Amino acid sequence: MKNKIFLLILISCFAYSVFSQEWTVPDDKKKLTAPFKFDSEHQKKGEEIFNKTCVSCHGHPGQGDFAKLTPVPKDPASNEYQANTDGELFFKISEGRIIMPSFKNTLKAVDIWDLIAYVRTYNKDYVQVFTETATETSITSKISSKITFAEEDKKLKVRIINKDAEKTASEGVTLSIYAKRYFGWLQLDKTKKTDQNGFVSFSLPNDLPGDSIGNLQITLKITDDSGFEETIADTIFKAGVPIIYNNLLDNRAMWNIRSKAPLWLILTYSGTVLTVMSVILYIIWILAQIRKKGSSEI
Amino acid sequence: MTENKIIQDLLQSVKLSKGFYAWMTFLTISLFVCLYAYYLQLTTGLGVTGLRDYISWGLYIANFVFFVASSLVGMLISSILGLSGQKWITPIVRIAEIIAVAFAAVAGLVIVSDMGRPEKLANVFLYGRFQSPILWDVTVVTTYVIISLLLFYTPLIPDLTIAYKNRTDLPKWQKGLYKILSLNWVGNLEQVQLQKKAIGILLVLVIPVAMAIHTVTSWLFAVTPRSGWSSTILGPYFVTGAFVTGVASVIIAMYIFQKIYSLKEYIYDIHFDKMGKLLVLVCLIYLYFNINEFLIPGYRMPKHEAAHLHSLFSGSHSIMFWFVQIVGLILPIILLIFKPFRKPFPITLIAIIVFIGAWFKRYLIVISPQEHPFLPIQNVPENFTYYVPTITEIAITIASFVLVLMIISVLSKVFPIIPIHETLTERNKQNEK
């Protein structure tokens, strides 16, 4: 009995803490800053993404029309929301919690920063803290990749080589692979680092649905020190299970349009109507016969 | 009784008397008053009714179901009883057929009154899907009206000749009408055989069509996933309910015609007695279906149907529900078992109550399930959650009853209400014996 009560208290404490707990962000992530200055171009892009992705739950900033869910989706214009640092917002949008979805596989890092640029326009006191990196050069200009797919053991092998004169292998590069799905990108296997020879190998699941011939669109992304992901390769491999999607409106069915009604139904309906109508016509013919057999002198 | 006396008796109602004109004037004025309500609905839209997003079928559809139900009696009396050799039905067959024609014809119009844009009616035929029970219903109602008209007309042919020959005081147009419609009837053997054949075919044909008309009407509801509608016995439940309404309306009509046309020697106590027994029978069958329809879901009380069932058993519809079941069904069964209650006057009163009860029954069947859809009603104005018919709606519904009365009045006044030819043939047969 004692144990039970204790367990009950423990469970209720846990349940309470899950819903009321402050959303803690690791310290190193808190300090993360955007790799660019929030200008009107970024804000405009951020607004587009916000209206497409966030507005259904968070509502329009400052209008309080957020969805009535638990925990409450915060109004981006509220002080509570704006008290987050840029790094905290980046973390929360990327990771998600309870009913807030994780967007790290749906949005690119630059998209999330654009979003933050947009929601900051609702904070007059906001001053962007950002450390401008001296050279903002793309990673793809420095390295090249080579991807091979081994169909027998479903492994995707990647080799990263520096674009320097000696073509040395690039060690310790963080890589992830994603497959394109209906909604966003699905990460396959884990995020991995290249070995001393610049090699990394990802294993693919056996049951991943592909298109009608089993093709999958796979992208290879590299993550830099500031958490930025950049696509370095985007290829199609025959790595999925062929799936042929049947359109439910292609065949004759009860729910289809008139010209695609089930044949048995058309035949039953038309057959019955024709039968009854011909009997009625026969009756009218009999009535005409009655008239013929009589005489007008009555 | 001599042949001449019978002919004179049965033809004396065929007269466009002053009383008839007064009655028709009254009906016409009532109709126009009610049609003004329809004009309002046509110009402002269905917003003038109590219909809203959730309860979108109201008084009109309930009334449509009731009219279709009442029209089924034509089949019951002339076919089922007629083909089984019941001789006593002869004087009431035509009354039943007139009721069938009137209710079935107006039922189609009632559907049109439920349309916000009636000019789009043609789309049912232009774009109607074979898969839709609405197309089946439109087809089968139209067919039933045609067959009922033929079943009214074919036995009438000899009577038209009799009326033409025996009544010289009729206006010219009426005599002309009789002459055209009597199809040169002289009563020779060939004509008699042809007529017998036509009636025989019609009597058989009308049975499946009449069953179909109300079964398909029930499918309009039964194919919709809703508590209270999605029931496998809804077809027979509707058909047996229809017989109750129909028999009650024939009893009322018999009483009225017996009184105002002084037909005491043709429709007498034995007819009321037999009809009373028939009413007990159809009520018992209907009661049996009611028990099945409510006891089983009420016993299981599945969560998604509970709201609907509770509203009937003990909630907002409970008074109407128990009135319909007890006063409109169980009480008439008990009373009509006793012979004194099957005398003309008491049985007519009981029939009126059954008739009213049957109307409210349709109201419950159509409206109450819509108040409890499977997906919860939310974020709508409060008046979307219940249904109260408006005055406009009630007036338009009254108009449909006025139309039925007008059709019955005209048909029963222009044509002899009791089959003369058949009455004569039967009396001759009896005399021969």
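The values are calculated or read from the model by the stated rules, or taken from the named source; none is laboratory data. Computed from a predicted structure; not experimentally measured. For neighbour counting, all protein chains shown are included, and Cβ atoms are generated from backbone atoms with ideal geometry for every residue, glycine included.
The one condition from (1) surrounded by 22 or more Cβ atoms within 10 Å (Cβ to Cβ); (2) among the aromatic types (Phe, Trp, Tyr); (3) not in a helix (DSSP H, G or I) that B:Trp136 does not meet is (3). Annotation: A:Trp255 fulfils all but one of (1) in a loop (DSSP other than H, G, I, E, B); (2) more than 8 Å from chain B (Cβ to nearest Cβ); the unmet one is (2).
Being away from chain A (no Cβ under 11 Å), modelled with pLDDT under 95 and within 23 Å of B:Ile367 (Cα to Cα): is that true of B:Gly228 here? Spelling it out, B:Gly228 is indeed away from chain A (no Cβ under 11 Å), modelled with pLDDT under 95 and within 23 Å of B:Ile367 (Cα to Cα).
Selection of the stretch A:93-115 for residues being surrounded by fewer than 20 Cβ atoms within 10 Å (Cβ to Cβ) and outside any loop (DSSP other than H, G, I, E, B) yields A:Ser94, A:Glu95, A:Arg97, A:Met100, A:Val110, A:Asp111.
No other residue among A:Ile177, A:Ile213 is farther than 26 Å from A:Ser102 by Cβ and more than 14 Å from chain B (Cβ to nearest Cβ) apart from A:Ile213. For the stretch B:151-158, does any single residue satisfy the condition of being farther than 30 Å from B:Ile6 by Cα and at pLDDT 95 or above? For the stretch B:151-158, residues farther than 30 Å from B:Ile6 by Cα and at pLDDT 95 or above: absent. Condition (residue is surrounded by fewer than 15 Cβ atoms within 10 Å (Cβ to Cβ), within 21 Å of B:Ile256 (Cα to Cα), of a type in the set (Phe, Trp, Tyr) and more than 14 Å from every other protein chain (Cβ to nearest Cβ)) applied to the stretch B:72-89: is it met by at least one residue? Checked the stretch B:72-89: at least one residue is surrounded by fewer than 15 Cβ atoms within 10 Å (Cβ to Cβ), within 21 Å of B:Ile256 (Cα to Cα), of a type in the set (Phe, Trp, Tyr) and more than 14 Å from every other protein chain (Cβ to nearest Cβ). Looking across the stretch A:160-179, the residues that are over 18 Å from A:Asp225 (Cα atoms) and modelled with pLDDT of 90 or more come down to A:Tyr178, A:Ala179. Among the residues making up the stretch B:174-229, none is farther than 30 Å from B:Gly298 by Cα, touching a residue at least 60 places away in the same chain (Cβ under 8 Å) and hydroxyl-bearing (Ser, Thr, Tyr). A single entry from B:Thr348, B:Thr385, B:Thr390, B:Thr425 fulfils the requirement of being of a type in the set (Val, Ile, Thr) and either touching a His at 6+ places or on another chain (Cβ under 7 Å) or without any contact (Cβ under 8 Å) to a residue 12 or more places away in the chain (or both): B:Thr425. Within the stretch B:411-425, not a single residue is under 28 Å from B:Gln41 (Cβ atoms) and not hydrophobic (A, V, I, L, M, F, W, C). Listed conditions (1) surrounded by fewer than 22 Cβ atoms within 10 Å (Cβ to Cβ); (2) of a type outside the set (Val, Ile, Thr); (3) modelled with pLDDT under 95; (4) part of a helix (DSSP H, G or I) are all met by B:Phe345, apart from (3). For the stretch B:117-130, does any single residue satisfy the condition of being buried (at least 16 other Cβ atoms within 10 Å of the Cβ), in contact (Cβ under 8 Å) with a residue 60 or more places away in the chain and closer than 30 Å to A:Leu265 by Cα? No, every residue in the stretch B:117-130 fails to be buried (at least 16 other Cβ atoms within 10 Å of the Cβ), in contact (Cβ under 8 Å) with a residue 60 or more places away in the chain and closer than 30 Å to A:Leu265 by Cα. Selection within the stretch B:160-195: residues that are more than 10 Å from chain A (Cβ to nearest Cβ) and among the basic types (Lys, Arg). The member of this set that is nearest to A:Thr272 (Cα to Cα) is B:Lys175. Residues that are over 18 Å from B:Ser148 (Cα atoms), in a helix (DSSP H, G or I), more than 7 Å from chain B (Cβ to nearest Cβ) and not hydrophobic (A, V, I, L, M, F, W, C) within the stretch A:273-298 comprise just one, A:Lys292. For the criterion of being within 26 Å of the chain's Cα centre (by Cα), among the basic types (Lys, Arg) and surrounded by fewer than 21 Cβ atoms within 10 Å (Cβ to Cβ), B:Lys5 fails. Considering B:Ile134, B:Ile180, B:Ile146, the condition of being modelled with pLDDT of 95 or more and either on the phi < 0 side of the Ramachandran plot or charged (D, E, K, R) (or both) is satisfied by B:Ile146 alone. Residues in the stretch A:51-77 that are in a loop (DSSP other than H, G, I, E, B) and touching a residue at least 24 places away in the same chain (Cβ under 8 Å): A:Cys54, A:Pro61, A:Gly62, A:Leu69, A:Thr70, A:Pro71, A:Pro73, A:Pro76, A:Ala77. For the stretch B:118-144, a residue qualifies if it is at the interface with another protein chain (Cβ under 9 Å from one of its Cβ atoms) and charged (D, E, K, R), and exactly one does: B:Arg129. Consider A:Lys44 carefully, then state whether it is basic (Lys, Arg) and in a helix (DSSP H, G or I). Taking the combined requirement at face value, the residue satisfies it. Any residue at all in the stretch B:120-138 that's over 27 Å from A:Gln289 (Cα atoms), touching a Lys or Arg at 6+ places or on another chain (Cβ under 9 Å) and among the basic types (Lys, Arg)? Yes, because at least one residue in the stretch B:120-138 is over 27 Å from A:Gln289 (Cα atoms), touching a Lys or Arg at 6+ places or on another chain (Cβ under 9 Å) and among the basic types (Lys, Arg). Report yes if some residue within the stretch A:258-267 is within 30 Å of A:Tyr182 (Cα to Cα), facing chain B (nearest Cβ under 8 Å) and among the aliphatic types (A, V, I, L, M); otherwise report no. Within the stretch A:258-267, none of the residues are within 30 Å of A:Tyr182 (Cα to Cα), facing chain B (nearest Cβ under 8 Å) and among the aliphatic types (A, V, I, L, M). Scanning the stretch B:37-51 for residues that are surrounded by fewer than 18 Cβ atoms within 10 Å (Cβ to Cβ) and either without any contact (Cβ under 8 Å) to a residue 12 or more places away in the chain or outside any helix (DSSP H, G or I) (or both) gives B:Tyr39, B:Thr43, B:Thr44, B:Gly45, B:Gly47. Here the condition is being among the hydroxyl-bearing types (Ser, Thr, Tyr), farther than 30 Å from B:Ile55 by Cα and assigned to a helix (DSSP H, G or I); of B:Tyr237, B:Tyr266, B:Tyr255, it holds for B:Tyr255 alone. Of the residues making up the stretch B:155-201, those that are assigned to a helix (DSSP H, G or I) and among the aromatic types (Phe, Trp, Tyr) are B:Tyr164, B:Trp173, B:Tyr178.
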